[in-house]
Every structure is written in structure tokens, then in C-alpha cells.
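The values are calculated or read from the model by the stated rules, or taken from the named source; none is laboratory data. This is a predicted model, so every value here is computed, not measured. So basically every Cβ, Gly included, is an ideal-geometry build from the backbone, and we count neighbours across all protein chains shown.
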Amino acid sequence: MCGIAGFIDFNNQTSEGILKKMTDSLVHRGPDADGCFYTKRYNYAIGLGHRRLSIIDLSPLGNQPMEFGNGRYQIVFNGEIYNYQEIKEELLKTGHRFSSHSDTEVILHAFHQWGPQAVNRFIGMFAFVIYDSQEDKITCFRDRAGVKPFFYYWKDGLFLFGSELKSLVSHPRFQKELDLNAIASYMQFGYIPAPHCIYKDTFKLKHGQFLILNLKNRELSTELYWDVYDRYNREKINIGEAEAINETEKVLEKAFAYRMVADVPVGVFLSGGYDSVCVTSLLQKNSSQKIKTFTIGMTDAKMDEAPAARKIAGVLGTDHHELYCTEQDALNIVPTLSHFYDEPFGDSSAIPTSLVSKMARESVTVALSADGGDEIFGGYTHYDWMVKYYNRFNSIPNIFRRTGTALLNIFPSDTLPGVKNNNISKSKFEKLKSLMKDPSPNNLFMAATVFYSDKERGKLFSNPVETIVSDHRREDLKKEYFDPLSYAMALDYQTYMVDDILQKVDRATMSVSLEGREPFLDQNIIDWAAKLPNQYKIKNGQRKYVLKQIVHKYVSPELMDRPKMGFSIPVHTWLKNELKPLVDKYTNREFIEKQGIFDFAYVEDICHKFYNGGREKHEKIWFLLVFQLWYDKWINNQ
């Protein structure tokens, strides 16, 4: 795991010193070593920078940038290729010879042998850039699930790239021009969906995609080499329950074992939920040594999952570690979020994720997280909601839905009894009207996942904003394979998992130089799970059914089936108490009007409702506060 940064400057004005500054902004991602490649050609200057966190082949032979072919190729690579030994064996048979034991060198040889399509052979998490001086082009790759981040900027003959936005911002010619439409999307989802970024002319390379920049003619193109919809656009297999459980366990075991490949200590985040217990159970089952597990405990008993995780660790026989945190420990993280999350990021579980990462780093260099289980095996509550209301709304004849919509439009929402007495929020009422008018799968999904409706979003901003094009609007599931559950799971895999969950874990772990690995996000798992019949995902109201049956082989249902807490913190309470002064500071008329982004009257209205007993979601206030903290640091330079 590392940090990468670099540039192509067709104006030939960027120095090696600027490259060093861009690279050093990522020192937390790679404290063990650093390196730079810099050269000027007839029509461009190029720089590749790398910060190394040593995981495989700890010797200097694994340092980067790494070259191959008498200097023809240069690479900077962030991530791990777990099956590099198998690929290496294949390459040795064709005459390739290696000078190190690193997966980086295997990537270079594979690229030389098979070109960009070599990426289809890789099992892993990665973001890397290869410069081919003979062909005069650079090729940039991002892994299938989007575990490793990759940002780039392209304007006025300057191409910048980096593992985090802060490396791009370090370049003196980077223009910090805010994209209001991206901000609007952030306020709806709590994150900015790929390929968009908070700044104009700045993008996220999408997962499962590679980018080629031709340095002769400046043509930039992208190509999708993997798409989750391809997994769902096929027939479900005909399989019995017992076989489905056993085969799923085999697929998981193989994928999880790959994630233990390292020359440094490895541990697992154990929350006590089904996903993390599944990872821990299967790894411990196949390990001759005790797996290190890590849990955050909270002094507030209502939020404390540590006792349950402790019991589960005892049953599984792991080497278990706990860190108990006070509410103040968690609150102290809030002011630091905007440094490591250098694009506005509203998922408050970034706070406990940061705490558990800090604890784990004291014992290990690599930690396995259990993200992706919900998206792959059907764990979210809105999946039940999607299936239920898709069937319910679509069973109403069109004429009755149109009549109902017309009646709802006659009366202003404020005059209706349920809204007037705060039993129903105005936001829920607007969603109901929208679904009566159009109960399409996409509209249902958006209703279940956004925090501001399109109408509310329009009122929040002082100037008109538009809906950005993102995967939230994709409807690529073919009619013959369509069902509302598969649709919602594919969409979550494409959006929320990549731009929220994985971004959260990457920044939290890398902030303390800890490599986070995602065992559920092996392409062979999604390949298998997508073709499993839906009754093995949700059965008789039980979500993640097949996964739970596997876990019950190792941990009893009595120990597992308790109210789910997750990585939750009391944001609602904080906003009304400890964080209230910060909210007041960043939502007062002077700050809002000087900033010129939000409509003060609307901000004042939602704050008034939240603080005076109205049914206003706390996420609306939290997202706004997080954005303002980010704005103060990165735009006001406070």
C-alpha cells in the first residue's frame, strides 16, 4: 500500500521540486521510502512520485518508481496483486526474468507481455500508472471494486494524478474552482459520486476502468474493462440450499486466503456483525496461528459492541484486542476529518473507523475489513423496502396513481395534517408524491438513499444547480434479468460502496499508515454471488441468508442475532449539544452570504426545525457542517 502522484506538463513548466511536494503530501500513505522519476522530452515534462508502505518484498528492490525494458517503462503502483506469484510463473515460462520478489515487477512484465489487457489477470486492489517512453503514452488503472483511489486533473495542457486530492492541490497551477453541481450531489448522498469531484476539471477514475493519455497528440480516452452489471445480466443458477451454502463458503475461503499474503503482520477488524465474523471465522479455521482481531468499545453501553465481539473472539480463538473510547475521544476526530478526507465526506462512521485503525496500527501493518457483504449478499434494509414498494406501487393501475398524484399536488404539504403536526416530514411527503407519479426502480432507489429530494436541493442553493450524470441513474440491468433486489444491489455496488464505504476505509487506514484490505471484494465472489438465486440472499425476511448459514457453523445464532449497532456514533445528540457552537458558526448569515453557495433563509429554516423538535433528518445538518469544515480548511485555508 502506498501513495502515488505525478504529472504530464505539455507546457514543460513543472519542476522536479513540485513533484517532490506533490509526493510528500502523501507521506502518511507511505512512510517507509520515497522515490521520483522526472524527465523532459521535446514536447512535455513528466514526473512520477511514490511513497512506500512496505508490505511485500521489504527490500529496496521493491522501491518505486520501478523501471523495466532498459528504461522503456516506469511504474508507480498503489495496492496489492494477490495472485502475482501465479502470474509470475506464467511469465517465467515465456522467458521473463525477475530481479525482485515484488508484485510491482510482475505488473511491469505482464503489461509488456499482454498490454493493458493484462489487468484482466490481476486479482487485487490497485491504482497504478505506467509510462511507456517508446510509445509516448501513459496508462492509468483502477481495480474492479474501486478499493484504491485515483484522482486526476486535466486542463490547459496539464495532467495531474494522485491517490488523494491533496497531491493535486499541491501543484501551483491547479485551479481550485468548486463544482456546485458536485456539491449538490454531496448534499444528497453524503459523498460525491464518481467520476465527479468537488473541483471542476478534476475526476475520479472509475473502478474497473483504465485511462490512456497519448503524449504525442494529447488525446485522453478511458475504457471499462470490468462492470458489475455484466455479472447480473445472466441467468441465476439452479442450485439447492445445502450446495449453495457449501459452494459459497469455498469461494469465500479462497478469496479470503489471498488477503493474508504479506511479509508483515496482518489483523482483522472484528465488529461482531455477520460480515466481520465470517471473515474472521474462515481465516481462523485455516490458520495454524491465532489471528489478531481488533474491536472498538464505547463507554456508552447503548453503543458498545465490544462485549459481543469479545465473546465471539473467544469462541473462534483469536488474539483479540480492544480499545475503549470515550465520547470525547470520538469528538476529537471531527476537526481532523477534513485533512484526510480532502473532499467533503459525510459518513460519520469515518470517526470510529479512524479510531479502530489507529489502534490496529500499533500491532499490525495490514488490517482486513469486511466491507461489501451487504452489497453482495443483500444486507441493507432498503433492499426489503425496494422489493416491497416496487411490487406495491406497480400493482396500482396507472389511472389511480395519476389521480392520487393530482390530488396530492392540489394541497401544499404544509397544510396537510400529518406534515403540519410533524408526524410526517415534508421530505417524506415529497418522496411519496414522486413515487406515486413514477414508481420506477431508479426512482425507488433514489427515494430510499437520498437525504435531500431534488426539490429540497434546489431550495438549499443560492443559484440553480443541475443533477450530475452518475451511476445512480444507470439502468443497465437487462429486462430479462431484471428484479428489484438485483437492481438495487448492483447499483449500491457501483455507487455507495465505491464512493462512500471504500473511500472511508482507505482514508482512515492510510491516515495512520495502515494497509486496509477488503476480502469480500474479490471478483470471484461477486461473480458467484450475482448468479445465486435471490432466495439465498433474502429468505423469509432474513437478509444475507446464505452468509448467515455459513457463520452459524462457527458461531451460534444466539450469540450472533442481537440488535445491530454497526460503527454508529451519536451524531444527532452531538449536533444538539457539543457541536452546536460549530453549527452556529458555520450557518450564521455572515458566513453563508460571504460564501455565496447556500440560501441563508433555507439553511436557517432547516436548522430551526432540527433544533426545535421538527422532523428534520440530522444528516442534513451533519452534511452541511462537514462541508463547511472542509470549505474552511481547503478554500479559506484556515
*Residue ranges of strands (runs of 3 or more DSSP E) in segment 1-74 with at least 2 members within 28 Å of the chain's Cα centre (by Cα) and in the same structural domain as Ile138 (by TED's automatic domain parsing)*: 2-9, 33-40, 45-52
*Have a look at Phe10, Phe68 and point out the one that is aromatic (Phe, Trp, Tyr), touching a residue at least 40 places away in the same chain (Cβ under 8 Å) and under 30 Å from Asp522 (Cα atoms).*
Phe68
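Confirm whether Ser470 is of a type in the set (Gly, Ala, Ser), in contact with an Asp or Glu (Cβ under 6 Å, 6 or more places away or on another chain) and over 30 Å from Ala257 (Cβ atoms). Before the answer, list the steps.
Working: of a type in the set (Gly, Ala, Ser): yes; in contact with an Asp or Glu (Cβ under 6 Å, 6 or more places away or on another chain): no; over 30 Å from Ala257 (Cβ atoms): yes.
Considered against the rule, which asks whether it is of a type in the set (Gly, Ala, Ser), in contact with an Asp or Glu (Cβ under 6 Å, 6 or more places away or on another chain) and over 30 Å from Ala257 (Cβ atoms), Ser470 comes out as no.
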*Run Val469 past the list (1) over 30 Å from Leu355 (Cα atoms); (2) in contact (Cβ under 8 Å) with a residue 40 or more places away in the chain; (3) among the β-branched types (Val, Ile, Thr) and report the number of the one that doesn't hold.*
(2)
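Please specify each residue of segment 288-316 satisfying the condition of being small (Gly, Ala, Ser) and either in contact with a helix residue (DSSP H, G or I) (Cβ under 6 Å, 6 or more places away or on another chain) or part of a helix (DSSP H, G or I) (or both).
Of segment 288-316, the ones small (Gly, Ala, Ser) are 288, 297, 301, 306, 308-309, 313-314.
Answer for segment 288-316, where residues must be small (Gly, Ala, Ser) and either in contact with a helix residue (DSSP H, G or I) (Cβ under 6 Å, 6 or more places away or on another chain) or part of a helix (DSSP H, G or I) (or both): Gly297, Ala301, Ala306, Ala308, Ala309, Ala313, Gly314.
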_Conditions (1) in a strand (DSSP E or B); (2) modelled with pLDDT under 95; number of the one not met by His320_ = (2)
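Looking for something of a type in the set (A, V, I, L, M), over 28 Å from Pro519 (Cβ atoms) and surrounded by 15 or more Cβ atoms within 10 Å (Cβ to Cβ) - is there at least one such residue anywhere in segment 221-239?
Residues of segment 221-239 of a type in the set (A, V, I, L, M): 224, 228, 237, 239.
Right, trim to over 28 Å from Pro519 (Cβ atoms) and you get none.
No; the residues of segment 221-239 include none that is of a type in the set (A, V, I, L, M), over 28 Å from Pro519 (Cβ atoms) and surrounded by 15 or more Cβ atoms within 10 Å (Cβ to Cβ).
Is it true that Gln64 is in contact with a Gly (Cβ under 7 Å, 6 or more places away or on another chain), among the polar types (S, T, N, Q) and closer than 19 Å to Asp132 by Cβ? Even if it seems obvious, please write down each step before you answer.
Working: in contact with a Gly (Cβ under 7 Å, 6 or more places away or on another chain): yes; among the polar types (S, T, N, Q): yes; closer than 19 Å to Asp132 by Cβ: yes.
Yes.
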*Checking Phe111 against (1) part of a helix (DSSP H, G or I); (2) out of contact with any His (no Cβ under 9 Å at 6 or more places or on another chain); (3) more than 22 Å from Leu224 (Cα to Cα), the condition it does not meet*: (3)
*Among the residues of segment 598-631, which ones are more than 24 Å from the chain's Cα centre (by Cα), assigned to a helix (DSSP H, G or I) and within 30 Å of Gln175 (Cβ to Cβ)?*
Phe600, Tyr602, Val603
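If a residue must be of a type outside the set (A, V, I, L, M, F, W, C), assigned to a helix (DSSP H, G or I) and surrounded by 20 or more Cβ atoms within 10 Å (Cβ to Cβ), how many such residues does segment 509-566 contain? Spell out the reasoning first.
We begin by selecting, within segment 509-566, every residue of a type outside the set (A, V, I, L, M, F, W, C); these are 509, 511, 513, 515-519, 522-524, 527, 531, 533-537, 539-545, 548-549, 552-554, 556-558, 561-564, 566.
This time we only want the ones that are assigned to a helix (DSSP H, G or I), so: 509, 519, 523-524, 527, 534-536, 545, 548-549, 557-558.
Imposing the further condition that a residue be surrounded by 20 or more Cβ atoms within 10 Å (Cβ to Cβ) reduces the set to 509, 519, 536, 545, 548-549.
Summing the residues that are of a type outside the set (A, V, I, L, M, F, W, C), assigned to a helix (DSSP H, G or I) and surrounded by 20 or more Cβ atoms within 10 Å (Cβ to Cβ) in segment 509-566 gives 6.
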*Scan segment 137-163 for residues that are in contact with a helix residue (DSSP H, G or I) (Cβ under 9 Å, 6 or more places away or on another chain), within 15 Å of Met22 (Cβ to Cβ) and assigned to a strand (DSSP E or B) and report the count.*
6
_Looking for something touching a His at 6+ places or on another chain (Cβ under 9 Å), within 26 Å of Phe520 (Cα to Cα) and at pLDDT 95 or above - is there at least one such residue anywhere in segment 122-139?_
no
*For segment 240-254, indicate whether the set of residues that are under 30 Å from Tyr631 (Cα atoms) and not in a strand (DSSP E or B) is non-empty.*
no
